[in-house]
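The values are calculated or read from the model by the stated rules, or taken from the named source; none is laboratory data. Please read these numbers as outputs of a predicted model, since none were measured by experiment. Cβ placement follows ideal geometry from the backbone for every residue including glycine, while neighbour counts extend to all protein chains displayed.
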Amino acid sequence: MVAVLEVPDYAEGLAQINNSSYGLTAGICTDSLARSTDFTQRAQAGVVKVNRPTAGLDLNVPFGGTGDSSTNTFREQGHTALEFFSWGKTIYTGV
């Protein structure tokens with residue numbers, strides 16, 4: 001299922017995204033570097049994509065939503081997974 005809302009301009013589109021109770025992913029298609037930078041910084045979503053489909057993720061990066069799209073615990077993968085799935089070793093070497 002895909003939801004599409006027509007909005008009069010960029011500012012209203014961003015406001016609609018940020019006023020949603022959900023925030024799993026958000027995306028923008030644009031050729032403006034300034035607009036894409038603003039969007040990535042201000043869109044309230046766990047994953048933000050520029051000129052890419054909002055479905056599909058790399059498994060080696062943190063993932064999680066905001067609002068009702070989140071468990072409000074921690075981001076899966078990323079630094080948290082690295083700490084969980086690894087262990088440290090202390091090594092002393094004589095010269």
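Observations, loosely collected:
- When G78 is tested against (1) at pLDDT 70 or above; (2) on the phi > 0 side of the Ramachandran plot, just one condition goes unmet, and that condition is (1).
- Every pair of residues 6+ apart whose Cβ atoms lie under 7 Å, when the first sits in segment 9-36 and is without any contact (Cβ under 8 Å) to a residue 24 or more places away in the chain while the second is part of a loop (DSSP other than H, G, I, E, B) and not small (G, A, S): G13/V7; Q16/L5; Q16/V7; C29/N51; S36/T30
- Filtered by the rule that a residue be surrounded by 17 or more Cβ atoms within 10 Å (Cβ to Cβ) and either more than 11 Å from the chain's Cα centre (by Cα) or at pLDDT 85 or above (or both), segment 51-65 gives no residues.
- For segment 1-22, a tally of residues being surrounded by 11 or more Cβ atoms within 10 Å (Cβ to Cβ) and part of a loop (DSSP other than H, G, I, E, B) returns 2.
- Test: residue in segment 23-41 that is part of a loop (DSSP other than H, G, I, E, B), among the small types (G, A, S), over 15 Å from the mean Cα position of the chain (by Cα) and surrounded by 10 or more Cβ atoms within 10 Å (Cβ to Cβ): yes
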